[in-house]
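Visitor: I have a structure I would like to understand better, so I am pasting it below and will then ask my questions one at a time.
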Amino acid sequence: VRLKAMQGPHLVGFVLGDYRPSEETAWIASIAVHPEHRGRGLGAALLQKCESELTAPRVRLSVRISNENAIKLYKHSGYRVVSNWPKYYKGGEDALVMEKDLFR
């Protein structure tokens, strides 16, 4: 699933989701909202739309442990922490792995 949010001719956000049938899990590979457009619900809307188009029983994502705003968004959207990947990101920062059950 590849979705983008546009404001006129300008890209202001996007989300990429990938279903892995062998794992019966989808992954949010990437999600971003331009800093000038954050705090308006765009990230939550992109996430929700992506989830609705995925055909998996659950979805996971990884997030920098320091990204408090994203973690808050994901928890508010029904995700829970299921794992920690030490030193996952460049610079040695840990990643939280978060998961949400998608009830079909």
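Visitor: Please specify each residue of segment 39-90 satisfying the condition of being touching a strand residue (DSSP E or B) at 6+ places or on another chain (Cβ under 7 Å), surrounded by fewer than 13 Cβ atoms within 10 Å (Cβ to Cβ) and among the polar types (S, T, N, Q).
Guide: Once the filter is applied, which keeps residues that are touching a strand residue (DSSP E or B) at 6+ places or on another chain (Cβ under 7 Å), surrounded by fewer than 13 Cβ atoms within 10 Å (Cβ to Cβ) and among the polar types (S, T, N, Q), segment 39-90 yields THR55, SER83, ASN84.
Visitor: Right, THR25: touching a residue at least 24 places away in the same chain (Cβ under 8 Å), of a type in the set (Val, Ile, Thr) and loosely packed, with under 12 Cβ neighbours inside 10 Å or not?
Guide: Details: touching a residue at least 24 places away in the same chain (Cβ under 8 Å): yes; of a type in the set (Val, Ile, Thr): yes; loosely packed, with under 12 Cβ neighbours inside 10 Å: no.
Here the answer is no, as THR25 does not meet what is asked.
Visitor: Taking segment 64-104 as the region of interest, how many residues are aliphatic (A, V, I, L, M) and under 15 Å from GLY17 (Cβ atoms)?
Guide: Step one: of segment 64-104, the residues aliphatic (A, V, I, L, M) are 65, 70-71, 73, 81-82, 95-98, 102.
Among the residues that remain, those that are also under 15 Å from GLY17 (Cβ atoms) are: 98, 102.
Total meeting the criteria: 2.
Visitor: Now for a different question. Could you figure out which of (1) closer than 14 Å to GLU99 by Cα; (2) open to solvent by less than 60 Å² (accessible area, probe 1.4 Å) isn't true of ALA32?
Guide: Status for ALA32: all satisfied but (1).
The values are calculated or read from the model by the stated rules, or taken from the named source; none is laboratory data. Please read these numbers as outputs of a predicted model, since none were measured by experiment. Don't worry about glycine lacking a Cβ; one is built from the backbone with ideal geometry, like all the others, and counts go over all protein chains shown. In case anyone asks, the SASA skips ligands and DNA or RNA and just uses the protein heavy atoms, side chains included. Shrake-Rupley method; radii C 1.70, N 1.55, O 1.52, S 1.80 Å.
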